[in-house]
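The structure appears right after this line, and notes come after that.
All of the numbers you see were taken from the coordinates with simple rules; none came from a lab. Every value quoted in this text rests on a predicted model; they were computed, and no experiment measured them. A quick note on method: Cβ atoms are made from the backbone with ideal geometry, for glycine too, and the neighbour counts reach across all protein chains shown.
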Amino acid sequence: MAVLYFDTMTTENFSNQLLIAMPTLLDPNFHHAVAYICNHDEEGAMGIIINQPTDVVLTDILEHMDIDDYREQTDQVFLYRGGPVQPEYGFVIHHNNPLDRWDSTLTMNDEIAVTASRDIITAIAHNTGPKESMIALGYAGWGPGQLEREIADNSWFLGPVSHDILFHLPHDQRWQKAAESSGIDLSRLSVLSGHA
């Protein structure tokens, strides 16, 4: 039986990592959630949940935004519930192409960026957007030190991000796969709160 202990004495930046809910985290907003951490600093953290699809399709958003002349397949692009904060705002996690110039982009690394502007949604609608992307409504937020405390309390653990998990894996497999990529077997996991 595996037991996890987290060292809370070190301070590190959790940006560009996956935040994976422990099986014991029962909050309905985060039960079995996997969040992509977009920002983490002394003011707190922001993440986008990547494994909670909604019944909202891209066509719904395009009509709401008065974007016309979109490709027919937009009714097959389901949006994700990015988190409980500001669900009226959309965020696109996408492949980072340095030649693209979106209005409001946070570059995470050479391969991944997060954009929150109308122009990328329009480009996706016209099939001229990033080659890989996922769209989420809302985000998850943590105040100063809150995420560090929740990790120390064994509500979450961190894992490496991968294109496969973000863009290709079916949503219902992402929690398990994210844990496995961190070397965690969720079926054998026993959690005890504590510090290393």
Applying 1/(1 + (r/R0)^6) with R0 = 35 Å to the Cβ-Cβ distance of residue 29 and residue 95, what FRET efficiency is obtained, to the nearest 0.05?
0.80
Which of the listed residues, 61, 134, 78, is farthest toward the dipole's positive end in the stretch 51-138, when Lys, Arg count +1 and Asp, Glu count -1 at the beta-carbon?
134
Dipole size in debye (nearest 20) for the chain around its Cα centre, Lys and Arg Cβ +1, Asp and Glu Cβ -1?
480 debye
Among 157, 91, rank each residue by its count of other Cβ atoms within 10 Å, from fewest to most, as a rough exposure measure.
157, 91
